[in-house]
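Enquirer: Just passing along the structure, written as structure tokens.
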Amino acid sequence: MANSYLSRTPSSAGNRQKWTWSAWVKFSQTPGPAGAILFSAYAHGNDNFKISLGDTNQISMRFYNGTEYQLVPNRRFRDFSAWYHLVIAVDTTQGTASDRAKLYVNGIQETSLSTATYPSQNDNTGMFDSGHTTLIGARTTGSNPHYFEGELGFVAIADGASLAPTVFGETDSTTGIWKPILSPSFTAGTNGALLKFENSGAMGTDSSGQSNTFTVGAGTLTQN
């Protein structure tokens, strides 16, 4: 996905307090000091969100709405031959701070965190703000995009629901390996989507039934 990205600008606001992002990810290298963006949303300078891989090979989930909130697991993603299933589940309406943002890897919640500061209860995140762009594989369509280097598969976004990883993946009964559910059953919501990357000529096609197709920006996305 290097030097390219997918983008969509919501025409109407969604649920900015409760949402889920799921993707199968294969990293190709350690990013530079600026990191590499998997998923981001930008309303304005004091209202944004991003999921990135840093130069320490750690995933960072960062919210900013005038105050910064961040989750950084201790786990390092150094196996560049492996596919990882990442799920970010957000619900800022929860009374317990640690329930407001969760990160799962291959079906298991990451609880060993080097940084853990959670959004305040009922905070609006940078997601699904009307007229403000959501990006897959970059943080901006302008300068310093911090492109993601690697491969992505089965990207799912749920607007209005904080979902468990078992909605999108399951353990193979024979091998014991965590694998994708090829047709996950979930409600995408106003700005949600399911990107299977099945059409090489329209890589941002939404298969959720919501017609929330993403646009390919810059460079070229390659179907593997």
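Enquirer: How about segment 135-149: which of its residues are under 14 Å from Ser52 (Cα atoms) and either open to solvent by less than 10 Å² (accessible area, probe 1.4 Å) or of a type in the set (Ser, Thr, Tyr) (or both)?
Expert: Leu135, Ile136, Gly137, Ala138, Thr140, Tyr147, Phe148 - these are the residues of segment 135-149 that are under 14 Å from Ser52 (Cα atoms) and either open to solvent by less than 10 Å² (accessible area, probe 1.4 Å) or of a type in the set (Ser, Thr, Tyr) (or both).
Enquirer: Continuing with the same structure: Residue under question is Thr187, and the condition is that it be in contact (Cβ under 8 Å) with a residue 24 or more places away in the chain, in a loop (DSSP other than H, G, I, E, B) and open to solvent by 40 Å² or more (accessible area, probe 1.4 Å); does it hold?
Expert: Judged against the criteria, Thr187 is a match.
Enquirer: Residue by residue through segment 162-183, note down the ones that are part of a loop (DSSP other than H, G, I, E, B) and buried (at least 19 other Cβ atoms within 10 Å of the Cβ). Working first, answer last.
Expert: Filtering segment 162-183 down to residues part of a loop (DSSP other than H, G, I, E, B) leaves 162-164, 168, 172-177, 181-183.
Answer for segment 162-183, where residues must be part of a loop (DSSP other than H, G, I, E, B) and buried (at least 19 other Cβ atoms within 10 Å of the Cβ): Ser162, Leu163, Phe168.
Enquirer: Please go through segment 64-84 and pick out each residue that is touching a Phe, Trp or Tyr at 6+ places or on another chain (Cβ under 7 Å) and under 24 Å from Phe154 (Cβ atoms).
Expert: Scanning segment 64-84 gives Phe77, Phe80, Trp83, Tyr84.
Enquirer: Another question about this same structure. Scan segment 83-122 for residues that are farther than 27 Å from Ile181 by Cβ and assigned to a loop (DSSP other than H, G, I, E, B) and jot them down.
Expert: Gly95, Thr96, Tyr118, Pro119, Ser120, Gln121, Asn122
Enquirer: How about segment 146-162: which of its residues are within 15 Å of Ser207 (Cα to Cα), in contact with a Gly (Cβ under 7 Å, 6 or more places away or on another chain) and small (Gly, Ala, Ser)?
Expert: Selection gives Ala158 alone.
Enquirer: Sticking with this structure for a sec: Got a sec? Which of Gly126, Gly131 is surrounded by fewer than 22 Cβ atoms within 10 Å (Cβ to Cβ) and part of a loop (DSSP other than H, G, I, E, B)?
Expert: Details: Gly126 fails: surrounded by fewer than 22 Cβ atoms within 10 Å (Cβ to Cβ).
Among Gly126, Gly131, only Gly131 is surrounded by fewer than 22 Cβ atoms within 10 Å (Cβ to Cβ) and part of a loop (DSSP other than H, G, I, E, B).
Enquirer: So, of the residues in segment 101-119 that are hydrophobic (A, V, I, L, M, F, W, C) and open to solvent by 40 Å² or more (accessible area, probe 1.4 Å), which turns out to be nearest to Thr166 (Cα to Cα)? Break it down stepwise before answering.
Expert: Here is the first cut: in segment 101-119, the residues hydrophobic (A, V, I, L, M, F, W, C) are 101, 103, 105, 108, 113, 116.
Next, only the ones that are open to solvent by 40 Å² or more (accessible area, probe 1.4 Å) stay: 108, 113, 116.
Working: Ile108: 10, Leu113: 22, Ala116: 24 Å.
Ranking the candidates gives Ile108 first.
Enquirer: If a residue must be crowded, with 19+ Cβ neighbours inside 10 Å and either β-branched (Val, Ile, Thr) or assigned to a loop (DSSP other than H, G, I, E, B) (or both), how many such residues does segment 190-206 contain?
Expert: 5
Enquirer: For the structure I just gave you, tell me whether Leu152 is open to solvent by 20 Å² or more (accessible area, probe 1.4 Å), of a type outside the set (S, T, N, Q), assigned to a loop (DSSP other than H, G, I, E, B) and out of contact with any helix residue (DSSP H, G or I) (no Cβ under 7 Å at 6 or more places or on another chain). Give the derivation first.
Expert: Numbers: open to solvent by 20 Å² or more (accessible area, probe 1.4 Å): yes; of a type outside the set (S, T, N, Q): yes; assigned to a loop (DSSP other than H, G, I, E, B): no; out of contact with any helix residue (DSSP H, G or I) (no Cβ under 7 Å at 6 or more places or on another chain): yes.
Against the criterion (open to solvent by 20 Å² or more (accessible area, probe 1.4 Å), of a type outside the set (S, T, N, Q), assigned to a loop (DSSP other than H, G, I, E, B) and out of contact with any helix residue (DSSP H, G or I) (no Cβ under 7 Å at 6 or more places or on another chain)), Leu152 does not qualify.
Enquirer: Let me ask something additional. When you go through (1) in contact with an Asp or Glu (Cβ under 8 Å, 6 or more places away or on another chain); (2) surrounded by fewer than 17 Cβ atoms within 10 Å (Cβ to Cβ) one by one for Ser98, which number turns out not to apply?
Expert: Result: Ser98 fails condition (1) only.
Enquirer: Oh, and also: Could you list, in sequence order, the residues of segment 154-189 that are more than 17 Å from the chain's Cα centre (by Cα) and hydroxyl-bearing (Ser, Thr, Tyr)?
Expert: Thr171, Ser173, Thr174, Thr175, Ser183, Ser185
The values are calculated or read from the model by the stated rules, or taken from the named source; none is laboratory data. Please read all numbers here as calculations on a predicted model, not as lab measurements. Cβ sites come from the backbone with ideal geometry, for glycine too, and all protein chains shown count toward neighbours. What goes into the accessible areas is simple: the full protein's heavy atoms, side chains included, and nothing from ligands, DNA or RNA. Shrake-Rupley method; radii C 1.70, N 1.55, O 1.52, S 1.80 Å.
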